Amino acid sequence: MANDVKEQIKEFTRLIEKYPAIHDFYFFRGTLYERIKEYQKAMEDYKKMLPTRYFCINMAKICEENNLIEEAEYFYTKEINEDKNNTFNYISRILFYIRNKEIEKAILDCKSVLEISPTNEMISTLKKILIGRI
C-alpha cells in the first residue's frame, strides 16, 4: 500500500508543478502524506492552501494526532472564527473536546450551535447527554 501512496504522491507532485494555483492538489497530496505518517510534509501542503477552508481543520487534526492539544484547539477555534455560522466547524471542535474530556467546553459549543440552529436535534440530544440528563 505504501508504494501505491508514494506513486499517487508523485502524480500529485507532477500536477502541482504544472498547475500550482489549484489548491485541491495540495489538499489531496497532504492527505496522502498523512496516510504514510509524513506529517511535516502534510502540514507544508496544507499551509500552501491558504486561505482555503480545509487548512485549519487539517492542521487541527494533525496537531491532535501528534498530541499537540493546545495547537489543535487553536486551529479548531480559528476555523470557527472564519465562519461563525457554520455548525460543522463547531461540531468538529465539540468532538475534539469530547475526545479530550473537556466536557464543559463541549457543552458551551453545543449551546453556540443551538443559538445558530435552534432545531438541531442531534446537538440538542448531545448536549443533554453531556450534561447528564439522558
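Brief remarks on what is shown
- Qualifying residue in the range 87-98 (condition: without any contact (Cβ under 8 Å) to a residue 12 or more places away in the chain and among the charged types (D, E, K, R)): no
- Annotation note: Cβ proximity below 9 Å between a residue of the range 12-30 that is more than 13 Å from A42 (Cβ to Cβ) and a residue that is among the charged types (D, E, K, R) and part of a helix (DSSP H, G or I) (sequence gap 6+ or interchain) occurs for T13/R29; L15/R29; I16/R29; I16/D45; I16/K48; P20/K48; H23/K48; F25/D45.
Read the figures in this text as sums done on the coordinates, not as results from a lab. Owing to the predicted nature of the structure, the values given are computational and were not obtained by experimental measurement. In this analysis, Cβ positions are derived from the backbone assuming ideal geometry, glycine residues included, and neighbour counts consider all displayed protein chains.
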